[in-house]
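Values quoted throughout were computed directly from the atomic coordinates according to the rules given, and no laboratory measurement underlies them. As the structure is a prediction and not an experimental result, all values here were calculated from the model. Virtual Cβ from ideal backbone geometry, glycine too; neighbours counted across all protein chains shown.
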Amino acid sequence: MNVLISGGGTGGHIFPALSIAGALKRRDPSVKILFIGADNRMEMERVPAAGYEIVGLPVAGFDRKRLWRNFGVLLKLWRSMRIARKVLRDFKPDIAVGVGGYASGPMLKEAQKAGVPTLIQEQNSYPGVTNKLLGKNADAICVAYEGTDRFFPAEKITMTGNPVRSDILTAVESKEEAKRLLGFDPSRQLVAVVGGSLGARTINDSMKRALRPIVDAGASVLWQTGKLYADECREAAEGVENAIATPFVSRMDLVYRGADLIVSRAGASTISEIQLVGIPAVLVPSPNVAEDHQRKNAMALVDRGAAVMIADDRCREDLAKTVIDLLRDNDRRESLGRNAAKMALPGADDKIVDLIYKIVK
């Protein structure tokens with residue numbers, strides 16, 4: 001079987017794609033997998049590092065504010081569709097899987113025009129425009145939230161959940177041991193602040209103000225700043241005991257194992273990880289994403305008592321107090337974690353592979 005997996009741009013798209021690929025290989029090592037990504041995006045490094053071949057498309061997102069800039073975007077889209085057609089001719093896929101991101105649109109559109117079966121993996125509670133258009137002709141649509149029949153044909157939807165990094169579910173360390181391995185005092189509560197691989201400006205600016213009050217309240221802080229803000233955040237954490245500011249954390253399994261509370265954006269993959277490990281979370285949805293889908297992701301948890309949300313424009317003022325109040329309220333933290341765990345949909349990657357085989361056969 002030949003499987004195309006298309007999409008990327010952020011870890012929220014790449015990790016599910018790699019999880020699906022891993023599940024395919026576990027099922028049948030002879031399966032041939034080709035990734036399609038966007039040139040100059042992180043998948044062009046992450047996918048080869050995981051051992052898979054990838055073809056890059058010169059695709060870019062539309063500029064909704066400065067429409068005159070979209071002539072170049074349309075030219076890139078045309079070139080991407082030409083490359084996609086060549087990939088279909090050369091690789092001859094049995095199915096094309098789209099996980100979202102710039103490259104997913106042209107690749108899946110060309111696959112559908114060529115009569116290749118397609119499967120969409122929609123991570124968010126509110127799909128983007130591209131997936132809504134592709135969903136009309138897709139053979140299956142895998143989702144993680146209820147209510148997506150507002151956007152997709154109900155008969156094509158399967159509730160699978162979002163695939164996540166397998167290591168976060170297989171960690172065997174105790175909470176205390178995980179804290180030690182991360183470099184912290186195991187007797188102190190640990191707050192993990194996660195801004196993604198590039199970082200989140202609002203969360204980082206807020207942490208510059210909140211770091212010392214949180215530490216003075218008796219907690220340790222692991223502050224994952226992202227590479228764009230690494231230097232300024234490391235400087236802000238200098239001299240603060242029980243705090244580590246680092247651009248990247250390689251052992252997220254230890255973070256989820258050792259943290260008493262996590263502060264994060266509300267990307268779909270992060271939400272799924274929070275649910276699967278049952279960890280209490282403070283979510284700060286990014287206002288800079290299409291369709292405001294991060295806020296909708298966060299509200300799906302807030303409405304079930306499974307997370308606390310701070311609006312982006314309130315984060316600088318409210319973050320320290322919100323975190324400290326939760327650290328002092330063990331019952332509420334435990335309730336948030338329990339309710340998050342009730343929303344978890346484990347085994348998403350294998351469920352998606354089951355569908356892939358069903359469609360191809």
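To the nearest 20 debye, what is the magnitude of the charge dipole of the chain about its Cα centre, counting +1 on the Cβ of each Lys and Arg and -1 on the Cβ of each Asp and Glu?
The calculation lands at about 1260 debye.
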Checklist entry - Spin-label point model (7 Å from Cα, Cβ direction): what's the S174 to D149 distance in nm? => result 4.8
Item to check | Inter-label distance for M159 and V360, nm, one decimal - labels placed 7 Å from Cα along Cα-to-Cβ | outcome: 2.8
Checklist entry - Considering only Cα-Cα distances, which of the following residue pairs are longer than 31 Å: K32/K156; K132/K175; K92/K136; K132/K358; K136/K296; K132/K179? => result K132/K175; K132/K179
Checklist entry - GNM, the chain, Cα, under 10 Å: largest mean-square fluctuation among L190, L276, L182? => result L182
Item to check | Tensor-based shape of the range 147-213 (alpha-carbon gyration tensor, a/c under 1.5 rounded, otherwise prolate or oblate) | outcome: oblate
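With the Cα gyration tensor of the range 1-148 giving a ≥ b ≥ c as the square roots of its eigenvalues, does the rule (a/c under 1.5 for rounded; else a/b larger than b/c for prolate; else oblate) give rounded, prolate or oblate?
Values: a/c = 1.44, a/b = 1.26, b/c = 1.14.
Judged from the Cα gyration tensor, the range 1-148 comes out rounded (a/c under 1.5).
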Item to check | Residue of L119, L77, L222 that the Gaussian network model of the chain assigns the largest fluctuation, springs spanning Cα pairs under 10 Å | outcome: L77
Item to check | Under the Debye formula (equal points on every Cα, no solvent term), log10 I(q)/I(0) of the chain at q = 0.06 Å⁻¹ | outcome: -0.22
Next on the checklist: Springs between alpha-carbon pairs under 10 angstrom, Gaussian network model over the chain: which of D139, D331, D292 fluctuates most?
Outcome noted: D331
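Counting other C-beta atoms within 10 Å, and keeping those with at most 14, which DSSP coil GluC sites (Glu not before Pro) do you find in the range 229-308?
E238, E241
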Item to check | Gyration tensor verdict on the range 224-350 (Cα atoms; rounded if a/c is under 1.5, prolate if a/b is larger than b/c, oblate otherwise) | outcome: rounded
Item to check | Whichever aspartates and glutamates have a C-alpha closer than 17 Å to that of K361, once near sequence neighbours (fewer than 8 apart) are set aside | outcome: D28, D94, D139, D350
